[in-house]
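The values are calculated or read from the model by the stated rules, or taken from the named source; none is laboratory data. These figures come from a predicted structure and were not determined experimentally. Here the Cβ positions follow ideal geometry from the backbone for every residue, glycine too, while neighbour counts run over all protein chains shown. Keep in mind that these areas ignore ligands, DNA and RNA; they rest on the heavy atoms of the full protein, side chains included. Shrake-Rupley method; radii C 1.70, N 1.55, O 1.52, S 1.80 Å.
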Amino acid sequence: MIGIRTSLPLPSLGEIVAQLVVYFIIEDYTNYWIHRFLHSKWGYETIHRVHHEYTAPIGFAAPYAHWAEVLILGIPSFLGPAIVPGHMITFWLWIALRQIEAIETHSGYDIPWTPTKYIPFYGGAEYHDYHHYVGGQSQSNFASVFTYCDYIYGTDKGYRYQKRLLKQLKEGVKSPEFQNGVSYNNPSTVYLKSE
């Protein structure tokens, strides 16, 4: 590839990290817009619907897509190294990390011990699961890695609303004395609301 070094000296850890950050930001921003385009009527019906055959994603769903989508969404992955070329080691590390991240976000598991929990604005499996859950014509959670584009452009409002609602439901299950008209402190007492 043009500009990618293969010779010694090897890049420093700082150089690798800086380039990987740039690659992730470039990939995430361009992937957001391409993914959003793929959810237009034409893009979805012609290309992207194949990927959405999995409404409850699994790791294998990450690369499962129409051949044209694989090519189109490959552009953001190679754009960073094309703009900011580095060493071949950085390039291979980038490709490996990008694939691991794609599999993680499609795994269906919100892994509690994953190091990605400490990355600001990282979406993860729960975030991307919502995108698949709401269906093919979803107009939310297009981000591939980070959530900043969805937040800035307002395409995560449904997800944030669902998170608030689920939190309220969880708190409601834990805290109130009465649920469904029954006092759980005294189960023989039933209170019916009059309408």
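Only residues that are touching a Pro at 6+ places or on another chain (Cβ under 8 Å) and polar (S, T, N, Q) were counted in the stretch 2-58, giving 3.
Sub-7 Å Cβ pairs linking a first residue in the stretch 146-173 that is at negative phi to a second residue that is surrounded by 12 or more Cβ atoms within 10 Å (Cβ to Cβ) and of a type in the set (Val, Ile, Thr), at least 6 apart or interchain, are Asp156/Thr147; Gly158/Val134, ordered by first then second residue. Identification of helices (runs of 4 or more DSSP H) wholly contained in the stretch 1-92 with 2 or more residues that are exposed (fewer than 14 other Cβ atoms within 10 Å of the Cβ) and either touching a residue at least 24 places away in the same chain (Cβ under 8 Å) or under 18 Å from the mean Cα position of the chain (by Cα) (or both) yields 13-38, 67-83. Go through the residues of the stretch 100-119 one by one and say whether even a single one is open to solvent by 30 Å² or more (accessible area, probe 1.4 Å), under 26 Å from Phe37 (Cα atoms) and touching a residue at least 60 places away in the same chain (Cβ under 8 Å). Within the stretch 100-119, none of the residues are open to solvent by 30 Å² or more (accessible area, probe 1.4 Å), under 26 Å from Phe37 (Cα atoms) and touching a residue at least 60 places away in the same chain (Cβ under 8 Å).
Every residue in the stretch 120-153 that is open to solvent by 30 Å² or more (accessible area, probe 1.4 Å), polar (S, T, N, Q) and touching a helix residue (DSSP H, G or I) at 6+ places or on another chain (Cβ under 7 Å), please. Within the stretch 120-153, just Gln137 meets the criteria.
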